[in-house]
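Here the structure is laid out as structure tokens; the discussion comes afterwards.
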Amino acid sequence: MGRYHVKFKCCQCGHCCTDVVCLPTPWDVLRIAMNTGVDPERFLEFLTPEEITGVDKNDPTWLFVGDEQYMMALRRDETTGCFFLDQRTKGCTIYEHRPLLCRLYPFKLLETRGEIFKGFSLHSDVGCPRHQDDIFNTDALYALYLDDKMHQDDYGELVEAFNKNKDTNQRPEDFLQLFVEIERSSK
Ligand code: SF4
Ligand code: SF4
């Protein structure tokens, strides 16, 4: 564990862009949509608890539609991986705009019980080979962590507003209207 450094070197194995489900925040979605011009409904999918592992059933970002619950994720194909993965180069086509979780992977944030930042370590259960033959400076990760913390309550409020809507015709994709449409109409 390191407050400022973690022993790690990415060996470009491709696992995180192929096998791992990425959960973007609404701010990730807006940034990607604005910078790529791609409609969010094309690059997102909404997954049920059976289709996703490692997310607590009580996580505050689950969207409820009827008897089912959904989590917003980047669209992914079991074989070819993330929607934004270049199949020829195996690089990320939206690297500058990629979601926060992609930037944090494979690091795990450590906080005290009182939610005071302690540092970063390598996740032990996300499938990364975790080569430790270099030193990774975590300054940029800390800035991202602060950014994310600022947005957490806002994300919760958006989900709450969506979950309050009891319209039986509501689809999980309609969650996008709560922030994408608002952003579009503000331009
Ligand atoms: S957005 Fe980019 S970095 Fe993130 S999983 Fe997709 S291809 Fe990988
Ligand atoms: S899984 Fe780990 S080693 Fe492989 S590409 Fe992702 S960060 Fe790099």
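The single residue among Arg113, Arg76 that is among the basic types (Lys, Arg) and touching a strand residue (DSSP E or B) at 6+ places or on another chain (Cβ under 8 Å) turns out to be Arg76. The single condition among (1) crowded, with 18+ Cβ neighbours inside 10 Å; (2) near ligand 1 (Cβ under 10 Å from one of its atoms) that Leu30 does not meet is (2). Ile135 meets each of the listed conditions (1) within 17 Å of Val20 (Cβ to Cβ); (2) hydrophobic (A, V, I, L, M, F, W, C); (3) in contact (Cβ under 8 Å) with a residue 60 or more places away in the chain apart from (1).
Listed by position, the strands (runs of 3 or more DSSP E) enclosed by region 88-163 include none that has at least 2 residues that are among the basic types (Lys, Arg) and away from ligand 2 (no atom under 16 Å from the Cβ).
Rundown of residues vs (1) farther than 20 Å from Lys9 by Cα; (2) of a type in the set (Ser, Thr, Tyr); (3) touching a residue at least 24 places away in the same chain (Cβ under 8 Å), yes/no style:
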site: Leu110; (1), (2), (3): no, no, yes
site: Arg113; (1), (2), (3): yes, no, no
site: Ser121; (1), (2), (3): no, yes, yes
site: Tyr145; (1), (2), (3): yes, yes, yes
site: Met150; (1), (2), (3): yes, no, no
site: Leu158; (1), (2), (3): yes, no, yes
site: Ala161; (1), (2), (3): yes, no, no
site: Lys164; (1), (2), (3): yes, no, no
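Would you check which residues across region 61-78 are assigned to a loop (DSSP other than H, G, I, E, B) and over 14 Å from the mean Cα position of the chain (by Cα) and list them? Of everything in region 61-78, those that are assigned to a loop (DSSP other than H, G, I, E, B) and over 14 Å from the mean Cα position of the chain (by Cα) turn out to be Gly66, Asp67, Glu78. Picking from residues in region 44-70 that are within 15 Å of ligand 1 (Cβ to nearest atom) and without any contact (Cβ under 8 Å) to a residue 60 or more places away in the chain, the one that is nearest to Arg31 (Cα to Cα) is Glu45.
Taking only region 55-113 into account, find how many residues are of a type in the set (A, V, I, L, M, F, W, C) and farther than 30 Å from Thr168 by Cα. Adding up the residues that qualify gives 12. The residue pairs whose first member lies in region 82-107 and is more than 9 Å from ligand 1 (Cβ to nearest atom), whose second member is of a type in the set (D, E, K, R), and whose beta carbons are closer than 7 Å, counting only pairs six or more residues apart or on different chains, are Leu100/Asp28; Leu100/Asp148; Pro106/Arg130.
Per the conditions (1) within 13 Å of the chain's Cα centre (by Cα); (2) exposed (fewer than 14 other Cβ atoms within 10 Å of the Cβ); (3) of a type outside the set (Phe, Trp, Tyr), the sole criterion not satisfied by Val55 is (2).
Computed from the coordinates by the stated procedures, all read-outs in this text should not be read as laboratory data. Since the structure is predicted, the reported quantities are computational estimates derived from the model, not experimental observations. With ideal geometry, Cβ positions are generated from the backbone for all residues, glycine too; neighbour counts draw on all protein chains shown.
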